[in-house]
1. Please find, within segment 180-203, the residue that is nearest to His159 (Cα to Cα) out of those that are of a type in the set (Lys, Arg) and in a loop (DSSP other than H, G, I, E, B).
2. Name the residues in segment 50-64 that are outside any helix (DSSP H, G or I) and more than 18 Å from Leu23 (Cβ to Cβ), would you?
3. Out of all the residues in segment 48-76, which are more than 19 Å from the chain's Cα centre (by Cα) and open to solvent by 90 Å² or more (accessible area, probe 1.4 Å)?
4. Among the listed residues Val102, Val82, which satisfies the condition of being out of contact with any strand residue (DSSP E or B) (no Cβ under 8 Å at 6 or more places or on another chain) and either free of Cβ contacts under 8 Å to residues at least 24 places away in the same chain or buried (at least 17 other Cβ atoms within 10 Å of the Cβ) (or both)?
5. Take segment 1-49 and flag every residue that is over 19 Å from Val202 (Cβ atoms), without any contact (Cβ under 8 Å) to a residue 40 or more places away in the chain and assigned to a helix (DSSP H, G or I).
6. When segment 151-171 is examined, which residues are found to be open to solvent by less than 70 Å² (accessible area, probe 1.4 Å) and more than 11 Å from Leu119 (Cα to Cα)?
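The values are calculated or read from the model by the stated rules, or taken from the named source; none is laboratory data. Since we're looking at a predicted model, the values are computed, not measured. All Cβ positions, glycine included, derive from the backbone under ideal geometry; neighbour counts span all protein chains shown. The area values use the complete protein model at the heavy-atom level, side chains included, leaving out ligands, DNA and RNA. Shrake-Rupley method; radii C 1.70, N 1.55, O 1.52, S 1.80 Å.
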Amino acid sequence: MKVCLIGDSLTEGRPGVSFYNLLKLQYPHISFDNLGNPGETIKSLFTRLEKAPLQSSYDLLILWIGVNDVYSKLLKVQAQPVAKDHIEFEEYCLKVLEKAHVASKNVVLVSPALVGEDLQNHSNKEIKELTSVMESIALKSGNIYFVNMQNLFKEHLEHLECSGFVNTNVMRVLLDVLFYKNPFRIDKLSRKRGLHVTLDGVHLNSKGANIVAQQYSSIIELYGEEGDKIGRS
């Protein structure tokens, strides 16, 4: 079985704890291609796939994208272009999914999770709106399996006292990549910042990585049961 994971730094696994590494340990018999790219937005992902089309044929392709279309607005430096509104986001999402379907009949679309663990902040309200756009695309398509990642994290956070911490300092993010590679150290810094599932409000700590890995695992198991019927209405 061959699985393609496409996305941003959350898929790549830096900074923070990598859910991809957890999946590799759980499924040593599966061939994973990790195509996560730091700072990726829906527009930059389309450009990447235009320049370097997906070559392989995958049994399953999981696309997790969108957080940087919200998070990068908080940063002083925007490395990649962001969709100007939800209409443009939808247009580019459809273009990306078209390219994804060339590489796999079985495409899973995953909505962004968090920008900060305060679910009521402005960024998370915007993520909720993007989630609705993505879910609508999946429902209309009839051949895309959709995962609402924000709701999964909400289940773990809604009864907790959550910090408003979000790291918006690009240099600090880079330092986290360089100096916080060990899960124990990552989780310690996460606790110091008052966070439960992330290192910095966006990237994952051990608990967050486990939440994502468990969800991806359930998708892989579902494919094992349903095969090419996954995501088809």
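1. The qualifying residue nearest to His159 (Cα to Cα) is Arg193.
2. Ala52, Pro53, Leu54, Gln55, Ser57
3. Within segment 48-76, Glu50, Lys51, Gln55, Ser57, Lys76 meet the criteria.
4. None of the other options fit; the residue is Val82.
5. The answer is Lys24, Leu25, Thr47, Arg48.
6. Across segment 151-171, the qualifying residues are Leu152, Phe165, Val166, Asn167, Thr168, Val170.
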